[in-house]
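Just so you know, all these numbers are worked out from the coordinates, no wet-lab data involved. This structure is a prediction, so every number in the text was calculated from the model and none was measured. Positions of Cβ are backbone-derived with ideal geometry, glycine not excepted, and every protein chain shown enters the neighbour counts.
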Protein chains: 2
Amino acid sequence: MRFVLASQSPARLAVLRAAGVEPVVRVSGVDEDALAASLTDPAPEELVTALATAKAEAIANDEIANDEDDDAVIVGCDSMLLTADGEVHGKPGTVEVARERWKKMAGTTGTLLTGHAVLRMHGGKVVARAAGHEATLVRFGRPTDEELEAYLATGEPLHVAGAFTLDGQGGWFVDGIDGDPSSVIGISLPLTRKLLRQVDVAVSDLW
Amino acid sequence: MRFVLASQSPARLAVLRAAGVEPVVRVSGVDEDALAASLTDPAPEELVTALATAKAEAIANDEIANDEDDDAVIVGCDSMLLTADGEVHGKPGTVEVARERWKKMAGTTGTLLTGHAVLRMHGGKVVARAAGHEATLVRFGRPTDEELEAYLATGEPLHVAGAFTLDGQGGWFVDGIDGDPSSVIGISLPLTRKLLRQVDVAVSDLW
């Protein structure tokens, strides 16, 4: 059975590989802004789950077109950081935005929301679906000005949801979490395992 | 400045590399059982800190002998799992012991204790010392019998403190943690950063 990861995130790929799964990476062309705009005042956890589902469904449509006899699971993911001031943040994109976010969030607690959708494909059709989300508290440390500038200069925080990583250089500046660390990196292993079981797949069958 | 990791753990090395530090790995010949036996009824957190300190000091003695002009920090680490029944566990070593531990700890909460010692070396001498520990709650999932046997067959749990990993295949079977995930993998980035600051080193100087 193929494990198809509907995400271009190298962090998600690394989590899965370290956990014994070698995914096929497929990147969907979902217009995230348009999808978000189409939902009426969604809760943040609804939004990440809807985006994860849209990404997985987009790949499922391709899979059906490309390989009718396939036996696969497709996993879609989306992550956002809900900060203490109630705002929802994706990737900062620029040094200036990342610096501003860190100035606000240093020493505070945020919630990293991760949505996942699992589609089981068989004989060219989606035969089972499961979706859910994880919410993990993140306690941010207080980098010094020197450390923050050095961190921004690495470029790492610009391209990740919430302007930090747990498994990279950002890990020095996260004092702790309450929840599943793999959900913060981008793909929750225990949630994925639970969703796989809902579509009758044991994770050990993917090793 | 050199960062010397007094540990042969590939997981610790991987955490540090991902966090921007390329350590020199040096393995101490500390007799852990003899050291543990020499302490009078130590609390588990005292034991991991004492073992971490002994490992770093053993390397410091070598460093002094080998390179008198060196400028370096040496970091020693030790980890143990304190299970819900009050027992302290290191590496299980065999499939049988690992299976027995998982049968007991599935669905329970344990505490992963990690001790660190940092020695700053300059001109062939230890010029500053800092040590401390982290305690992180780990909520174990419930692998099915099929999943547990598949996990044991990978060999991974035999060689790690507490018979599980967070950053490998064990991650499927940890529902969550409360604390620092890097401390569970084996080297706490926020604690190491704090100890480095106590010996006047900024972590960004090591990148």
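Shape call for the protein assembly as shown from the C-alpha gyration tensor, a ≥ b ≥ c root eigenvalues: rounded (a/c under 1.5), prolate (a/b greater than b/c) or oblate? Oblate.
Distances, shortest first, from the label point of A:Ala84 to those at the same position in the other copies read 3.3 nm; the point lies 7 Å along Cα to C-beta.
What's the extension gain from A:Asp71 to A:Ala153 if we count 0.36 nm per residue and subtract their Cα-Cα distance? Intermediate values should be presented prior to the final figure.
Working: separation 82, 0.36 × 82 = 29.52 nm, distance 4.37 nm.
Result: 25.1 nm gained on full extension.
Which of B:Thr144, B:Thr165 comes first, and how do the rest follow, when ranked by fewest Cβ neighbours within 10 Å? Could you put the intermediate results ahead of the total?
Values: B:Thr144 14, B:Thr165 22.
Lowest to highest Cβ neighbour count: B:Thr144, B:Thr165.
The Cα atoms of region B:2-206 cover 56, 37, 26 Å along the three principal axes, with the biggest extent listed first. Label-point distances for A:His122 to the equivalent site in the other copies, using a point 7 angstrom along Cα→C-beta, read 6.8 nm when ranked shortest first.
So what's the back-of-envelope 222 nm ellipticity for the protein assembly as shown, counting only DSSP H runs of four-plus at -39500 (n - 2.57) apiece and dividing by all residues, rounded to 500? Walk me through the numbers on the way to the answer.
Details: 14 runs with 150 residues, N = 414.
The per-residue figure over the protein assembly as shown is -11000 deg cm²/dmol.
For region A:1-59, the calculated P(r), taken from all Cα-Cα distances in 10 Å bins from zero up to the bin holding the longest distance, is 22, 44, 27, 7 percent. Each other copy places its own label point for B:Ser38 at 6.9 nm from this one, sorted shortest first, where the point lies 7 Å along the Cα-to-beta carbon line. Taking every DSSP bridge with both residues inside the protein assembly as shown, close to 85 percent are antiparallel.
As a test, work out the antiparallel percent of DSSP beta bridges whose residues both lie in chain B, rounded to the nearest 5.
Numbers: 32 of 39 bridges.
Of all bridge pairs located within chain B, approximately 80 percent are antiparallel.
Taking a straight Cα-Cα cut-off under 24 Å and skipping sequence neighbours fewer than 8 places away in the same chain, the lysines within cross-link reach of A:Lys104 are A:Lys91, B:Lys194.
Looking at region A:1-104, send over the antiparallel percent of its DSSP beta bridges, to the nearest 5. Don't skip to the end; give the middle numbers.
Working: 2 of 9 bridges.
Here the share of antiparallel DSSP bridges comes out near 20 percent.
Counted by neighbouring Cβ atoms within 10 Å, the residues A:Asp70, B:Asp167 run from fewest to most as A:Asp70, B:Asp167. Under the shape rule built on the C-alpha gyration tensor, where the axes satisfy a ≥ b ≥ c, region A:1-112 is prolate, since a/c reaches at least 1.5 and a/b is greater than b/c.
Backbone amide hydrogens, once placed in the peptide plane, bring A:Val127 within less than 5 Å of A:Arg120, A:Met121, A:His122, excluding anything fewer than 5 places away on its chain. The fewest-to-most ranking of B:Glu147, A:Glu45, A:Glu149, B:Glu134 by surrounding Cβ atoms within 10 Å reads A:Glu149, A:Glu45, B:Glu147, B:Glu134.
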